[in-house]
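The values are calculated or read from the model by the stated rules, or taken from the named source; none is laboratory data. Note that the structure is predicted; figures quoted are calculated from it, not measured. Cβ atoms come from the backbone with ideal geometry, glycine included; neighbour counts cover every protein chain shown. Just the protein is used for accessible areas: all its heavy atoms, side chains included, with ligands, DNA and RNA removed. Shrake-Rupley method; radii C 1.70, N 1.55, O 1.52, S 1.80 Å.
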Amino acid sequence: MCGIIGYTGGKQAAKILLNGLKRLEYRGYDSSGVAVIDNNRIDVIKSIGKISALEDKTDGGKKLNGFVGIGHTRWATHGAPSDINSHPHLSTDGNFAVVHNGIIENFAELKAELTAKGIRFASETDSEVIAQLLQYVYDGDMVEALRNVTSRLVGSYAVGIITSHCPDTLYAVRKDNPLVVGIGANENFIASDFAAALEHTHNFVQLGDGEIAKLTSHSATFFTADGEPVEKTPFRVDWDISQAEKDGYDHFMLKEINEQPKALTATVRPRVKGKDIVLDRINFDAKNTNRIERITIIGCGSAYHAGIVGKSFIEKYCRISVTCELASEYIYSDPITDNRTLTIVISQSGETADSLAALRLAKKCGSHTIAIVNVMQSAIAREAHDVLYTHAGPEIAVATTKGYTTQVSALYLIGLKIAKIKHTISDARYETLLSEIITLPDKVSEILADITPIREYAERFADRKCVFFIGRGTDYAASLEGALKLKEISYIHAEAYAAGELKHGTISLIEQGTVTLALTTQSALYNKMLNNIKAVQSRGGTVLAISSQANKQISEQSDGMLCIPDCDDDVTPVLTAVILQIFAYCVAAKRGCDIDKPRNLAKSVTVE
Ligand code: G6P
């Protein structure tokens, strides 16, 4: 997805903007550009391709003087990737430059209207209409002009604006698309996420829907959509900038895989007080909890898969029916949701457009909503009734790792909490599971201590065209995420199947050499899995088992085995996930893939 950085202060803007753009590279992009005000004139330089191309064109920023500017990484939606279609976009008179994330749905109408008035458009983008409209409506008051323009826009937008009419000022406005304002010492920033400005400040303000920011080096003022001044209190983001750097690892993904012990500890430990689970400010009293008749868990991609793992745990221990919904499907359904439904929306970024829309729909239906989110003060975190932050630290690699496992552990905490209140779990089982959850980080560390066996299997299978993942129960839920990881970063076709379902169709695809990863961590289902494994092998398939210690004897029945550390069957998905992440990573590395920025994918999908 596109990225935005903006600067106003006492330093040369272009260098800061280029640096910020590099921090945003992970979001995925196909072109980039910067605009800076120099001597009351806006200079724009843009380039298709990597930011290094923009650095070359600007001579590392030296070609652009000036202290106020905006920068953008573009992920093409309207108009092919090209220098012209890249942002920033200038108005025809050259007095306004804008960068835009999101989609202006009524841009064609606006463009036709402005074209009829003689305004000539340079690009094929929807975003250019914002710059052209500004030129058209500006009458000496920028805040008023921005109000006027945004009142005409339909769609979602985070916009950064500079104008030669106010050469010291950086403006921003947003709706349904993330944008934060960084408050520094004698300098201020706008950014589509914290990472872009984190090396300059830890103090941020979240711009609300429709709000306008007016920033100079020494002041930050905010206005409502009605033009009324509004006070905003900065919050502190404790993320360390080194967390957004590779720190000696070849890829962010590998770094983030290795950060999981720390991330899981940060999600769980502060919430465990003796034998109690305290979920921040979420009010799980007996009255509220006993009212819950059903739970709906909503997410996209890996967040949805975390929900499926959570479903089996919550249903087993809380005896409440749980449905998992893909956000993009939920929003166009007629959900059976009311005030006895608890809706849990999961999103690492907290900004996924489909998940945000689903949250709003659930609220509209009267449901109480809890968000499991990593990024502080993100839209989903702000709009849900309650929020449980995973505190995993910034996740830069597009393919989520620590984001996913911390979501799963947050769901375990919620499940145990509800089960305890509803008395649907014995004290002994509650205590066992709680201590299992607390010790998961150590067990993840055990896996990470020696990844050689995982790498060896990965390299052996890296040339395959298709890999199957099978499992039963919670192993099936974990398989879904394992297959997604492999698809995302290695481009190998991978499918996850409930092992018992193989015989109903998929087995026709098994042939000599087809690789199947069989998850066998569920002791009660061990014999059933054995039958499925034999069925695959008898058709010439190769089986790599991912097993628990208790089911180690599977090695005699399979073609290879990787074992997770000893743990309770109900929490194995966190550990199998780590093995499958490393497997996918090593396959992708062997195949020479762009692991942190897989083709066609974006970290945070803020458009529908
Ligand atoms: C994108 C990413 C996926 C991620 C999904 C949901 O599609 O590529 O890795 O799982 O969004 O992201 P969220 O931030 O809502 O968890």
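Within the bounds of the range 131-140, is there any residue that is under 27 Å from the mean Cα position of the chain (by Cα) and open to solvent by less than 10 Å² (accessible area, probe 1.4 Å)?
Step one: list which residues in the range 131-140 are under 27 Å from the mean Cα position of the chain (by Cα), which gives none.
No, the range 131-140 contains no residue that is under 27 Å from the mean Cα position of the chain (by Cα) and open to solvent by less than 10 Å² (accessible area, probe 1.4 Å).
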Read through the list (1) surrounded by fewer than 24 Cβ atoms within 10 Å (Cβ to Cβ); (2) within 14 Å of the ligand (Cβ to nearest atom), then give the number of the only condition that residue 350 fails.
-> (1)
Within the range 284-301, how many residues turn out to be touching a residue at least 24 places away in the same chain (Cβ under 8 Å) and open to solvent by 10 Å² or more (accessible area, probe 1.4 Å)?
-> 11
The helices (runs of 4 or more DSSP H) lying wholly within the range 99-156 that contain at least 1 residues that are of a type in the set (Asp, Glu), touching a strand residue (DSSP E or B) at 6+ places or on another chain (Cβ under 9 Å) and at pLDDT 95 or above are 128-137
Taking the range 302-325 as the search range and keeping residues that are more than 16 Å from the ligand (Cβ to nearest atom) and not in a helix (DSSP H, G or I), which one is most open to solvent (accessible area, probe 1.4 Å)?
-> 319
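Mind checking which residues of the range 24-46 are assigned to a loop (DSSP other than H, G, I, E, B) and closer than 20 Å to residue 3 by Cβ? Show your work before the answer.
Of all residues in the range 24-46, those assigned to a loop (DSSP other than H, G, I, E, B) come to 28-30, 39-40.
Within the range 24-46, 28, 29, 30 meet the criteria.
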Can you pull out the residues in the range 378-412 that are near the ligand (Cβ under 10 Å from one of its atoms), of a type in the set (A, V, I, L, M, F, W, C) and either within 11 Å of the chain's Cα centre (by Cα) or under 24 Å from residue 448 (Cβ atoms) (or both)?
-> 397, 398, 399
Among (1) more than 33 Å from the chain's Cα centre (by Cα); (2) open to solvent by less than 10 Å² (accessible area, probe 1.4 Å), where does residue 548 come up short?
-> (1)
Flag for residue 598 being within 16 Å of the ligand (Cβ to nearest atom) and assigned to a helix (DSSP H, G or I) = no
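Limited to the range 488-510, what total is found for residues that are over 25 Å from residue 593 (Cβ atoms) and open to solvent by 70 Å² or more (accessible area, probe 1.4 Å)? Show your work before the answer.
Quick first cut of the range 488-510, residues over 25 Å from residue 593 (Cβ atoms) only: 498-508, 510.
From the residues that got through so far, the ones that are open to solvent by 70 Å² or more (accessible area, probe 1.4 Å) too are 501, 503-504, 508.
Residues that pass the stated criteria total 4.
Output the residues belonging to the range 326-347 that are in contact with a Ser or Thr (Cβ under 6 Å, 6 or more places away or on another chain) and either without any contact (Cβ under 8 Å) to a residue 40 or more places away in the chain or away from the ligand (no atom under 16 Å from the Cβ) (or both). Reasoning before the result, please.
As a first pass, look at the range 326-347 and keep what is in contact with a Ser or Thr (Cβ under 6 Å, 6 or more places away or on another chain): 327, 337, 341, 343, 345, 347.
Once the filter is applied, which keeps residues that are in contact with a Ser or Thr (Cβ under 6 Å, 6 or more places away or on another chain) and either without any contact (Cβ under 8 Å) to a residue 40 or more places away in the chain or away from the ligand (no atom under 16 Å from the Cβ) (or both), the range 326-347 yields 327, 337, 341.
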Does at least one position in the range 559-574 carry a residue that is within 16 Å of the ligand (Cβ to nearest atom), touching a residue at least 40 places away in the same chain (Cβ under 8 Å) and open to solvent by 10 Å² or more (accessible area, probe 1.4 Å)?
-> no
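If you go through the range 233-264 one residue at a time, how many are of a type outside the set (D, E, K, R), in a loop (DSSP other than H, G, I, E, B) and open to solvent by 30 Å² or more (accessible area, probe 1.4 Å)? Show your work before the answer.
We begin by selecting, within the range 233-264, every residue of a type outside the set (D, E, K, R); these are 233-235, 237, 239, 241-244, 248-249, 251-254, 257-258, 260-261, 263-264.
Now restrict to residues that are in a loop (DSSP other than H, G, I, E, B): 233-234, 237, 239, 248-249, 251.
Of the ones still in play, those that are also open to solvent by 30 Å² or more (accessible area, probe 1.4 Å) are 233-234, 239, 248-249, 251.
So the answer is 6.
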Can you work out which of the residues in the range 326-347 that are open to solvent by 20 Å² or more (accessible area, probe 1.4 Å) and part of a helix (DSSP H, G or I) is farthest from residue 406 (Cα to Cα)?
-> 329
Conditions (1) under 28 Å from residue 560 (Cα atoms); (2) free of Cβ contacts under 8 Å to residues at least 24 places away in the same chain -> residue 401 fails only (2)
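So which residues in the range 269-283 are surrounded by 14 or more Cβ atoms within 10 Å (Cβ to Cβ) and farther than 30 Å from residue 328 by Cβ, if there are any at all? Lay out the reasoning, then the answer.
Of the residues in the range 269-283, the ones surrounded by 14 or more Cβ atoms within 10 Å (Cβ to Cβ) are 271-272, 277-279, 282.
The answer is 271, 272, 277, 278.
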Residue 360 vs. criteria within 16 Å of the ligand (Cβ to nearest atom), open to solvent by 50 Å² or more (accessible area, probe 1.4 Å) and not hydroxyl-bearing (Ser, Thr, Tyr) = yes
Subset tally (residues that are touching an Asp or Glu at 6+ places or on another chain (Cβ under 9 Å), β-branched (Val, Ile, Thr) and closer than 19 Å to residue 137 by Cα) for the range 84-118 | 2
Could you check residue 481 against (1) more than 16 Å from the ligand (Cβ to nearest atom); (2) open to solvent by less than 20 Å² (accessible area, probe 1.4 Å); (3) more than 19 Å from residue 453 (Cβ to Cβ) and say which number it fails?
-> (1)
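The rows are residues; the columns are (1) in contact (Cβ under 8 Å) with a residue 24 or more places away in the chain; (2) open to solvent by 30 Å² or more (accessible area, probe 1.4 Å); (3) over 19 Å from residue 47 (Cα atoms).
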residue: 70; (1), (2), (3): yes, no, no
residue: 75; (1), (2), (3): yes, yes, no
residue: 87; (1), (2), (3): yes, no, no
residue: 118; (1), (2), (3): no, yes, yes
residue: 122; (1), (2), (3): yes, yes, no
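Among the residues of the range 515-523, is any within 16 Å of the ligand (Cβ to nearest atom) and within 22 Å of residue 551 (Cβ to Cβ)? Explain how you work it out, then say what you get.
Here is the first cut: in the range 515-523, the ones within 16 Å of the ligand (Cβ to nearest atom) are none.
No, every residue in the range 515-523 fails to be within 16 Å of the ligand (Cβ to nearest atom) and within 22 Å of residue 551 (Cβ to Cβ).
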Picked from the range 39-68 (must be among the hydroxyl-bearing types (Ser, Thr, Tyr) and either in contact (Cβ under 8 Å) with a residue 24 or more places away in the chain or touching a helix residue (DSSP H, G or I) at 6+ places or on another chain (Cβ under 6 Å) (or both)), the residue farthest from residue 165 (Cα to Cα) is 47
